[in-house]
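Enquirer: Structure provided below as structure tokens; questions to follow.
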Amino acid sequence: MAMRDANEKTILETERLIFAEAAFADAPFILDLLTQPSFLKYIGSRGVGDLETALDYIRDLQLQYRINGYGSYVVRLKDQDIPIGISGLIKRDSLDHADIGFAYHPDYWRQGYALEGAEALLQYGRDKLGLDPIIAITSPDNTASQKLLLKLGLVFDRTITMAGKADETWLYVPSIES
């Protein structure tokens, strides 16, 4: 696993996690994460199949930081300084509002990292970036993500079809009580 690049820009920290802009040194981790069977099943292929395409993916993330001022970040364990996932706020042309997204390596599932990170990202998005509302999307069969979205105070709103996708996607929005 890649150690943190000295030039990497830290965006946010929680008790156990560091969120930083993706750096080229993260390419081996990005390749591993984006080719996990769970990533491909629940999120879909991002065209990453080797280190060169992982670098292209990172270039795309860096472009989003410059264009939108936010994007998906590499999530690291603070105490071990190793990457465990990507998570962030994403502005998609096909959605009216920024959405929260997360993908953690299966080795780090069911340890509370996704919830800890998503709560911090929502607060960061609202308080620092002025994004309101922040929504979410998930595949209909991704029950683990759906449960997490409910814990975050988001509720199922409707089924949508994203641009360029044949499959249905579930849209989650903040509940009235949030």
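The values are calculated or read from the model by the stated rules, or taken from the named source; none is laboratory data. Only a predicted model underlies this, so the values are computations on that prediction, with no experimental measurement involved. Here the Cβ positions follow ideal geometry from the backbone for every residue, glycine too, while neighbour counts run over all protein chains shown. The area values use the complete protein model at the heavy-atom level, side chains included, leaving out ligands, DNA and RNA. Shrake-Rupley method; radii C 1.70, N 1.55, O 1.52, S 1.80 Å.
Enquirer: From GLY112, GLY88, which residue is of a type in the set (Gly, Ala, Ser), more than 17 Å from TYR42 (Cβ to Cβ), within 16 Å of the chain's Cα centre (by Cα) and modelled with pLDDT of 95 or more?
Expert: Just one listed residue meets the conditions, GLY112.
Enquirer: For residues that are within 16 Å of ALA20 (Cβ to Cβ) and buried (at least 20 other Cβ atoms within 10 Å of the Cβ), tally how many sit in the range 73-100.
Expert: 11
Enquirer: Still on this structure, please answer the following. Output the qualifying pairs, or none if there are none: Cβ atoms under 8 angstrom, residues six or more apart or on different chains, first residue in the range 49-69 and assigned to a helix (DSSP H, G or I), second residue open to solvent by less than 70 Å² (accessible area, probe 1.4 Å) and among the β-branched types (Val, Ile, Thr).
Expert: Listed by first residue and then by second, the contacts come to ALA54/ILE30; ALA54/VAL48; ASP56/VAL48; TYR57/ILE30; TYR57/VAL48; ILE58/ILE30; GLN64/ILE90.
Enquirer: Restricting to the range 122-158, count the residues that are outside any helix (DSSP H, G or I), in contact with a Phe, Trp or Tyr (Cβ under 7 Å, 6 or more places away or on another chain) and open to solvent by less than 60 Å² (accessible area, probe 1.4 Å).
Expert: So the count comes out to 10.
Enquirer: To continue, here is another question. Can you tell me which residue among TYR104, TYR42, TYR70, TYR57 is within 20 Å of GLY130 (Cα to Cα), of a type outside the set (Asp, Glu) and surrounded by 14 or more Cβ atoms within 10 Å (Cβ to Cβ)?
Expert: It is TYR70.
Enquirer: Still on this structure, I have one more. Kindly establish whether GLY117 is open to solvent by less than 70 Å² (accessible area, probe 1.4 Å), touching a residue at least 12 places away in the same chain (Cβ under 8 Å), outside any strand (DSSP E or B) and within 23 Å of LEU31 (Cβ to Cβ).
Expert: Taking the combined requirement at face value, the residue satisfies it.
Enquirer: For GLN62, are the conditions met, namely being open to solvent by less than 70 Å² (accessible area, probe 1.4 Å), of a type in the set (S, T, N, Q) and in contact with a helix residue (DSSP H, G or I) (Cβ under 8 Å, 6 or more places away or on another chain)?
Expert: no
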